[in-house]
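Undergrad: One structure follows; several queries about it will come next.
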Amino acid sequence: MANNIDAPVKYTAKDFTSNQDVRWCPGCGDYSILAQVQRSFPEIGKKKEEIVFISGIGCSSRFPYYMDTYGFHSIHGRAAAIASGLKIARPELSVWVATGDGDLMSIGGNHFIHTCRKNIDLKILMFNNRIYGLTKGQYSPTSEKGKVTKSSPYGSIDYPFNPLSLALGAEASFVARTIDRDPKHLQEMVKRAAEHKGTAFIEIYQNCNIFNDGAFSILTEKETKGDNVLVLEQGKPMVYGKENDKGIKLDGFTPVVINLKDGKNSINDCLVHDEKDPDPIRAFILAHMTDHEGMPTPIGVVRQIFKETYNEGVERQIKHITEKKGEGTIEKLLFTENTWEVN
Amino acid sequence: MAQETEKEILGLSDVTIRFAGDSGDGMQLTGSQFSDTTALMGNDLGTLPDYPAEIRAPAGTLYGVSGFQLHFSSNDVHTPGDTPDVLVAMNPAALKINLKDLKEGGMLITNSDSFDAKNLKMAGYSTNPLEDDSLSRYKLISIPITSLTSNALKDSGLSIKEITRSKNFFTLGITYWLFNRPLEPTLAWIESKFAKNKAIADANSIVLKAGYYFGENTELFTTRYTVEPAQLPKGIYRNISGNEAIALGFVAASKKSGLPLFLGSYPITPASDILHFLSGFKNFGVKTFQAEDEIAGIASAIGASYGGSLAITTTSGPGMALKTEAMGLAVMTELPLVIINIQRGGPSTGLPTKTEQADLFQAIYGRNGESPIPVLATSTPSDCFNMSLEAARIALKYMTPVILLSDGYIANGTEPWKLPHENEIPEIPVHFWTDKESFAPYKRDENLSRPWVKPGTPGLEHRIGGLEKAHITGNVSYDPDNHDFMVRMRANKIKNIENDIPDLEVKYEQEGDLLVLGWGGTYGAITEALIKVRAQGKKVSQAHLKYLFPFSKNTGEVLKRFKKILIPEINLGQLTTIIRSEFLIAPISFTKIKGLPFKSSEIQNKILEVLGGSNGK
């Protein structure tokens with residue numbers, strides 16, 4: 001394979017496929033996520049040896065084994081913390097975290113919010129199936145209230161996390177949502193995350209056909225998805241519906257659906273999507289849209305802002321202090337001002 | 001009334017002084033300034049800061065008392081001193097707590113201004129001890145330090161609060177005069193420390209000098225003392241604390257290995273100083289990551305190690321507990337990492353600011369599965385430098401996490417350290433694997449170490465992780481025979497390190513009736529105790545373990561040469577238990593768990609008791 005540094009390497013999806021047998025259950029949504037990542041990676045402009053996948057524990061966390069990049073399958077919840085250390089030590093690498101709703105939102109919740117807060121340049125793919133799969137079917141921190149599972153035989157009494165809202169609240173600089181059954185959109189989101197500088201969080205709705213089958217079917221089945229999915233596009237009015245006949249407008253801070261064919265409303269009444277808005281209020285409205293009855297589920301980039309990344313800050317300080325004080329040596333380290341000589 | 005009287009100067013060889021006051025009285029600063037000046041004068045010294053966990057406990061309370069003990073001498077010093085010759089008590093509570101330790105007939109300097117009804121009551125005194133006869137066994141020198149400080153600063157324009165805060169410099173000035181120390185080092189320190197606030201800098205300098213001249217002019221002191229420089233080996237010296245020596249040791253290891261240093265850490269007493277020091281060394285290429293918790297501290301270090309850095313994480317007991325699972329990951333993925341535990345009183349939150357040695361079992365055994373990690377221990381503040389280099393060497397050569405144990409006593413104590421030059425510090429060779437043809441992630445070299453590959457190396461893309469690995473290929477494996485093989489392989493790899501570390505050395509007779517075996521911070525007290533009992537003609541030998549797992553190869557053979565083994569420890573006998581199980585011998589355990597180091601006299605008495613002689617009482 002050509003490996004000329006000057007010319008971009010031409011990869012195909014196959015180049016990112018490892019020699020390991022994939023061991024997810026047949027029919028699992030993870031297969032599609034793996035395929036879309038492998039298909040989009042030839043276009044992100046990174047050499048495969050510069051890409052690292054780090055994961056925690058759970059079905060999603062087997063992901064690194066199947067990618068022919070560098071990979072590290074670590075311990076439950078800690079992927080973001082391990083990835084942070086790697087990215088700070090080696091800022092030139094493209095560091096990805098493959099994780100799930102249990103791994104990232106429950107046991108790894110603290111690492112997740114602080115990674116976002118610090119804007120460490122990691123790409124976090126969270127496979128949200130709203131269930132614990134690998135431990136065979138307990139409710140997760142994103143399971144809906146009332147869910148009956150092995151560990152909640154009378155229904156879960158937990159309120160779920162809203163992952164987008166959590167990421168926004170933790171000041172992630174890139175927040176997006178996509179669905180395993182929408183390959184083109186998923187690829188698009190992966191590429192957008194790859195380009196972003198800073199913490200990029202993608203919530204991927206993923207079907208667990210064993211323990212939580214059909215959790216997102218309303219968003220993926222042909223008959224229903226048109227009327228229930230709102231695809232966000234930068235600078236475009238929020239229009240959706242099987243017949244493109246529905247729009248979103250704001251009533252105060254509350255989003256409402258308008259009928260674009262009833263003669264009373266037009267496309268000009270629709271809210272225009274601005275993912276770059278420095279004010280996070282609109283992003284929060286999108287994240288919480290489905291709190292309201294009858295509202296569609298937005299997918300796409302909810303927010304993207306630009307600020308110095310943590311790893312850039314580290315390099316900036318090192319450069320500045322080294323210029324100011326000169327590069328450190330062992331002699332300079334030990335023989336400081338407060339020494340004395342014994343003859 | 002000041003008089004021009006020439007005061008007698010008395011030469012002493014050995015002095016122990018303790019400064020005690022409220023935790024807001026600046027006693028740690030007073031003590032460390034006195035130490036640094038004393039070090040610059042060429043005395044050997046040892047220090048023991050002893051402070052409460054509360055940053056500013058309510059003034060005047062017994063639990064808010066903070067102390068700093070310093071032992072300086074014209075001879076070799078091994079401990080911060082058993083019993084102070086001089087006690088400075090800034091208030092009644094400090095007197096109440098510390099008086100019991102003052103030597104019979106010792107000098108007691110008090111701030112009489114603070115002995116008012118309120119403070120006396122808070123300390124539990126029904127009458128003023130400065131005025132009744134209760135202190136007649138001591139040389140009491142009662143000085144109105146607060147009012148003398150206020151007088152010295154009456155024209156300064158500072159607030160009463162600011163003026164009162166300077167009084168520790170008056171105390172320092174008095175003791176500088178009393179022990180014939182120069183003011184210049186502290187004056188220079190004040191100037192740089194308070195560079196941004198000239199009014200405060202001037203005030204502190206004025207008060208320091210006022211204290212010094214008060215000593216010279218007052219009739220309260222008839223004598224001043226001098227302690228000649230110690231006969232230390234030739235060289236350039238610096239006064240160093242254990243935590244600072246660890247920071248310097250790992251920066252040196254970074255330079256000698258050619259690897260960038262990464263510290264992932266979460267603040268915890270008494271380990272935080274290492275994070276503070278290293279975060280200042282940016283021009284040495286050091287990257288410090290103040291993580292969101294202890295787990296992220298070690299996890300980020302594992303990530304950095306995976307990326308090819310010399311990675312370390314620093315903590316104390318409770319943090320060790322939190323890092324445990326990640327240590328297992330480093331064992332399984334066979335990545336180099338040093339975990340530094342500055343032990344403190346436990347269990348749980350325990351005694352955060354006090355010393356203890358009770359994390360030895362935790363270090364050696366405290367993980368799930370068969371999870372061997374080399375364990376090293378430092379013995380003195382300056383030894384921390386060498387042991388840090390050694391921990392880094394072992395981690396990098398054997399592709400393994402290493403635990404380095406220190407403790408609160410070593411961490412905060414200081415001693416003069418003869419600085420090594422760059423060429424006296426050994427290189428640490430490191431090899432990153434780049435060859436495509438012969439690569440397998442879990443293929444082993446002659447040390448049983450697997451190859452270290454930096455992500456970014458073309459053609460060597462591979463996956464590692466916490467699941468059991470197949471021998472050579474590193475693929476996930478649930479094969480029973482492979483697991484048995486790999487468990488034994490990891491154990492052998494660590495056990496083999498015994499061939500690569502120095503023998504356990506015995507000081508004095510190489511065989512005999514009694515060997516005192518120590519580890520960690522008990523070194524000074526044991527050394528001092530042996531000097532004393534040997535001066536009485538007793539034949540006792542000493543050995544100190546720096547390698548706790550694996551032991552130096554000759555350890556069992558050394559122990560069998562002595563009829564009795566005495567092991568003093570600041571725990572309930574953890575090393576004793578390990579020695580008993582490892583070598584099938586029955587050592588005598590001597591333990592104390594008060595959050596304080598051993599006094600050498602305690603060990604001395606125990607040795608005499610074991611030898612069957614008088615215990616000196």
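The numbers here are math on the coordinates, done by the rules we state, and not lab data. The model shown is predicted, which means the values in this text are computed figures rather than measured ones. We place every Cβ from the backbone using ideal geometry, glycine too, and count neighbours over all the protein chains shown.
Undergrad: How many angstrom lie between the C-alpha centres of segment B:28-91 and segment A:204-228?
TA: 69 Å
Undergrad: Largest first and to the nearest Å, give the Cα extent of segment A:10-85 along each principal axis.
TA: Principal-axis extents of segment A:10-85 (Cα, largest first): 35, 34, 18 Å.
Undergrad: Arrange B:L467, B:L608, B:L405 by Cβ neighbour counts within 10 Å, fewest through most, would you? If you can, show how the numbers build up before the last one.
TA: Numbers: B:L467 14, B:L608 20, B:L405 28.
Lowest count first: B:L467, B:L608, B:L405.
Undergrad: Now for a separate question. Among the lysines, which have Cα under 24 Å from the Cα of B:K100 when same-chain residues fewer than 8 positions away are ignored?
TA: Straight-line reach from B:K100, under 24 Å: B:K118, B:K121, B:K139, B:K354, B:K532, B:K592, B:K594, B:K599, B:K606, B:K617.
Undergrad: Residue by residue through segment B:17-26, which ³J(HN,Hα) values in whole Hz follow from phi under the Karplus form 6.51 cos²θ - 1.76 cosθ + 1.60 (θ = phi - 60°), with glycine and proline marked x?
TA: 10, 10, 9, 9, x, 5, 5, x, 7, x
Undergrad: Can I ask one more? Can you give me the Cα centroid spacing of segment A:127-145 and segment B:259-276 in angstrom?
TA: For segment A:127-145 versus segment B:259-276, the Cα centre distance is 37 Å.
Undergrad: Treat the count of other C-beta atoms within 10 Å as a stand-in for reagent exposure and order B:W417, A:W24 from fewest to most.
TA: A:W24, B:W417
Undergrad: For the cross-link pairs A:K147/A:K249; B:K154/B:K209; A:K123/A:K249; A:K48/A:K87, which exceed 20 Å when the distance is taken from alpha carbon to alpha carbon?
TA: On the way: A:K147/A:K249 32 Å; B:K154/B:K209 15 Å; A:K123/A:K249 31 Å; A:K48/A:K87 16 Å.
From A:K147/A:K249; B:K154/B:K209; A:K123/A:K249; A:K48/A:K87, over 20 Å: A:K147/A:K249; A:K123/A:K249.
Undergrad: Let me ask something else about it. With 38 Å as the cut-off, how large is the P(r) tail for chain A, expressed as percent of Cα-Cα pairs?
TA: Tail of the P(r) past 38 Å holds 22 percent of the pairs.
Undergrad: Relative to the longest principal axis of chain A, what angle (0 to 90°, nearest 10) does the C-alpha long axis of helix A:310-325 take?
TA: 20 degrees
Undergrad: Something else now. Return the aspartates and glutamates within reach of B:K443: Cα separation strictly under 18 angstrom, same-chain partners fewer than 8 residues apart disregarded; answer none if there are no such residues.
TA: Cα-Cα hits under 18 Å: B:E334, B:D435, B:E461, B:E468, B:D479, B:D481, B:D484.
Undergrad: Rounded to the nearest 20 Debye, what is the dipole magnitude of segment B:8-227 about its Cα centre when Lys and Arg each give +1 and Asp and Glu each give -1 at the C-beta?
TA: 600 debye
Undergrad: Give the order of B:E104, A:E221, A:E323 when sorted by the count of other beta carbons within 10 angstrom, beginning with the fewest.
TA: Ranking B:E104, A:E221, A:E323 by Cβ neighbours within 10 Å, fewest first, gives B:E104, A:E323, A:E221.
Undergrad: Sticking with this structure for a sec: Apply the Karplus curve 6.51 cos²θ - 1.76 cosθ + 1.60, θ = phi - 60°, to the phi angles in segment B:368-381 and return the couplings in whole Hz, x for Gly and Pro.
TA: Per residue, the Karplus-derived 3J(HN,Hα) values read 6, x, 7, 9, x, 9, x, 10, 10, 9, 8, 10, 9, x Hz.
Undergrad: Also: For segment A:227-232, take each phi angle, set θ = phi - 60°, evaluate the Karplus expression 6.51 cos²θ - 1.76 cosθ + 1.60, and give the result in whole Hz per residue in order, putting x for glycine and proline.
TA: Taking θ as phi minus 60°, the curve returns 8, 10, 10, 10, 8, 7 Hz for segment A:227-232.
Undergrad: How big is the C-alpha Rg of chain B next to the rule-of-thumb value 2.2 N^0.38 Å, as a ratio?
TA: The reported ratio for this selection is 1.05.
Undergrad: Using the Cα gyration tensor of segment B:73-191, with a ≥ b ≥ c the square roots of its eigenvalues, what is the shape: rounded (a/c below 1.5), prolate (a/b larger than b/c) or oblate (neither)?
TA: oblate
Undergrad: Can you show me the helix-derived [θ] at 222 nm for chain A, built from DSSP H runs with n ≥ 4 at -39,500 (n - 2.57) apiece and divided by the number of residues, rounded to the nearest 500.
TA: Details: 11 runs with 95 residues, N = 343.
That calculation yields -7500 deg cm²/dmol at 222 nm.
Undergrad: Right, another one. State, to one decimal in nm, how far the label point of B:S136 lies from the label point of B:R56, with both points 7 Å from Cα in the Cβ direction.
TA: The two pseudo-label positions are separated by 4.2 nm.
Undergrad: Let me ask you something else. Helix-only mean residue ellipticity at 222 nm, chain B, DSSP H runs n ≥ 4 weighted -39,500 (n - 2.57), per residue, nearest 500. What is it? Could the numbers behind the result be given before it?
TA: Values: 20 runs with 220 residues, N = 617.
Roughly -11000 deg cm²/dmol at 222 nm, from the helical runs in chain B.
Undergrad: With charges set only on the Cβ (+1 for Lys and Arg, -1 for Asp and Glu), what does the dipole of segment B:512-611 come to about its Cα centre, in debye to the nearest 20?
TA: Numbers: 15 positive and 7 negative charges, 39 e Å.
With only Lys, Arg, Asp and Glu charged at Cβ, the dipole is about 180 debye.
Undergrad: While we're looking at this one, here's another question. May I ask you to list, by number, the DSSP H helices of chain B whose Cα span along the axis is at least 15 Å and whose average Kyte-Doolittle hydropathy reaches -1.0 or more?
TA: On the way: long enough: B:27-40 (20 Å, -0.04); B:167-178 (17 Å, 0.52); B:198-217 (28 Å, 0.05); B:242-257 (22 Å, 0.33); B:294-306 (18 Å, 1.04); B:317-333 (24 Å, 0.66); B:383-398 (22 Å, 0.23); B:480-495 (23 Å, -1.16); B:523-535 (18 Å, 0.62); B:600-611 (16 Å, 0.11).
Helices passing the filter in chain B: B:27-40, B:167-178, B:198-217, B:242-257, B:294-306, B:317-333, B:383-398, B:523-535, B:600-611.
Undergrad: How would you classify segment B:512-611 from its alpha-carbon gyration tensor, with a ≥ b ≥ c the square roots of the eigenvalues: rounded for a/c under 1.5, else prolate if a/b is greater than b/c, otherwise oblate?
TA: Details: a/c = 1.70, a/b = 1.20, b/c = 1.41.
Oblate, since a/c reaches 1.5 and b/c is not below a/b.
Undergrad: Now for a different question. Please state the equivalent ellipsoid semi-axes for the protein assembly as shown: what are the square roots of 5 times the Cα gyration tensor eigenvalues, largest first, in whole Å?
TA: Semi-axes (√(5λ), whole Å): 60, 35, 25.
Undergrad: Percentage of Cα-Cα pair distances in segment B:8-227 greater than 29 Å, rounded to whole percent?
TA: 20 percent
Undergrad: Out of residues 5 or more away from B:D513 or on other chains, whose amide H comes under 5 Å of its own, with H placed 1.01 Å from N in the peptide plane?
TA: The answer is B:K563.
Undergrad: What's the center-to-center distance, using Cα atoms, between segment A:20-69 and segment B:363-413 in Å?
TA: 37 Å
Undergrad: Here's another thing I want to ask about it. Specify the residue with the greatest mean-square fluctuation among A:I258, A:I179, A:I204, computed from a Gaussian network of chain A linking alpha-carbon atoms under 10 Å apart.
TA: The residue with the greatest mean-square fluctuation here is A:I258.
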